[in-house]
Amino acid sequence: MNQMTAALGIDPIVASFPGEYSHLLLGACVTALFLMAISFAAAAVILRIRNERKAARRTRREAAWDPDLLDVISGNKEPRAVASRIAPRDREHFVDHLLRYAFHIRGDELRRVRDLAAPFLPDVVKRLARSDPGRRARAVHVLGTLGLPRYLKDVTAALDDPFPFTALVAARVLAQLGQPHRFAPVLSRLHRFENWSPGFLASLISDVGIGIAPDLRALAEHRERSARERAVAVEALARMNDAEAADVAARLLETETDRELMAACLRLLIRVGRIDHVPAVRRVFASEDFVLRAHAVSAMARLAGASAVPALQEALLDPSPWVALHAARGLLESRNLEPLQELAASDAPRSELAKQALAEGA
């Protein structure tokens, strides 16, 4: 008890009172703390009971809706007839319930669910003007799943939402459409997503499909866009294995200095580069950045085949062990084991690295 009162700063207060009152004050403080603890525990129990009752009511409502909903999906009931029976207080919950169904159906079944949701979507649009960013993001998700193409303009406008996550939800909806012209507004706003992982953004963009590749190639070479935006464009092109982007990447390696952009170009060349891109890759061997040198070594091994052996042997002695390991793996991939075997049998500083690489390739 003394530890509790000391931790709460009560001891100095008690000590300031005369001795005959200090024990009474201490008892009062402990009693107050005890009552507060009971109050918090009671509040927690009450809150849990309320939540359980609320969840039970939601479950009962959903169970009551499901037969009609399944009849609509199967075409046995008209969506309008079912929608008219949803109480105003349940409209938001009902739309959320439809959303769960929409993830598992396609074609005419999904169209019927969207028809069923249609009378409730104007209320969802109103949420876009609310101050709660979570509800705005949820509204964009609902409209993107159940309200397209009618609410496409509302989803696109959400790209400018003050809350970046809401804008990102809108970007994902537009990516899933697979229509490059619909996704163009996202590319013009990539700067809004600079706090998100470039790999995540590249994956999102690649969902649009190869039709977006010309726009991405143009963005990659646009000198007025940030290096990070351009790197995301190059990474997306790499994920789509866009062969035409290889020439773009090689040109960028000759003119750019940003690490993230250059690394993205090298990764793209590893995927879709040709032997005529080797000179651009070879220039990066002189970079002071070991990360870029490591990517360049991997690209050289991929593009040049047997003719890359001298460069890879040279890279085995690179000051960075990471670069040397990439060179060793490049020799393994090109089936040129002799340099590694000779190094492993020697007393050279990198002999252990060569042994490790040979063991990995065994």
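The set of residues in the stretch 157-177 that are farther than 17 Å from E194 by Cα and surrounded by fewer than 19 Cβ atoms within 10 Å (Cβ to Cβ) comprises A157, Q176, L177. Close contacts from the stretch 244-255, counting a first residue that is over 15 Å from R271 (Cβ atoms) and a second that is open to solvent by 60 Å² or more (accessible area, probe 1.4 Å) and among the basic types (K, R), with Cβ to Cβ under 8 Å and a gap of 6+ residues or different chains, come to E254/R283.
Within the set A233, A218, the sole residue that is surrounded by 21 or more Cβ atoms within 10 Å (Cβ to Cβ) and part of a helix (DSSP H, G or I) turns out to be A233.
Can F285 be described as open to solvent by 30 Å² or more (accessible area, probe 1.4 Å) and within 31 Å of the chain's Cα centre (by Cα)? Steps first, please.
Working: open to solvent by 30 Å² or more (accessible area, probe 1.4 Å): yes; within 31 Å of the chain's Cα centre (by Cα): no.
Criteria not met by F285.
Has the stretch 5-13 got at least one residue that is outside any loop (DSSP other than H, G, I, E, B), modelled with pLDDT under 65 and touching an Asp or Glu at 6+ places or on another chain (Cβ under 9 Å)? Scanning the stretch 5-13, I find at least one residue that is outside any loop (DSSP other than H, G, I, E, B), modelled with pLDDT under 65 and touching an Asp or Glu at 6+ places or on another chain (Cβ under 9 Å), so the answer is yes. Do we find a residue being more than 28 Å from D132 (Cα to Cα) and either touching a helix residue (DSSP H, G or I) at 6+ places or on another chain (Cβ under 8 Å) or buried (at least 23 other Cβ atoms within 10 Å of the Cβ) (or both) anywhere in the stretch 182-199? Yes: one or more hits. Residues that are closer than 27 Å to P88 by Cβ, of a type in the set (D, E, K, R), part of a helix (DSSP H, G or I) and within 24 Å of the chain's Cα centre (by Cα) occur at least once in the stretch 154-162. When the stretch 338-362 is limited to residues that are acidic (D, E) and over 14 Å from H326 (Cβ atoms), the one that is most open to solvent (accessible area, probe 1.4 Å) turns out to be D347. Taking residues in the stretch 66-91 that are closer than 9 Å to L116 by Cβ and touching a residue at least 24 places away in the same chain (Cβ under 8 Å), and partners anywhere that are of a type in the set (F, W, Y) and open to solvent by less than 20 Å² (accessible area, probe 1.4 Å), the pairs with Cβ atoms closer than 8 Å and at least 6 places apart or on different chains are A83/F120.
Filtering the stretch 307-331 to residues that are surrounded by fewer than 17 Cβ atoms within 10 Å (Cβ to Cβ) and aliphatic (A, V, I, L, M) leaves only L317.
For the stretch 19-68, name all the residues that are of a type in the set (D, E, K, R), open to solvent by 80 Å² or more (accessible area, probe 1.4 Å) and modelled with pLDDT under 80.
E20, R48, R50, E52, R53, K54, R57
The values are calculated or read from the model by the stated rules, or taken from the named source; none is laboratory data. Note that the structure is a prediction, hence the values are computed from the model and not measured. Cβ atoms come from the backbone with ideal geometry, glycine included; neighbour counts cover every protein chain shown. In case anyone asks, the SASA skips ligands and DNA or RNA and just uses the protein heavy atoms, side chains included. Shrake-Rupley method; radii C 1.70, N 1.55, O 1.52, S 1.80 Å.
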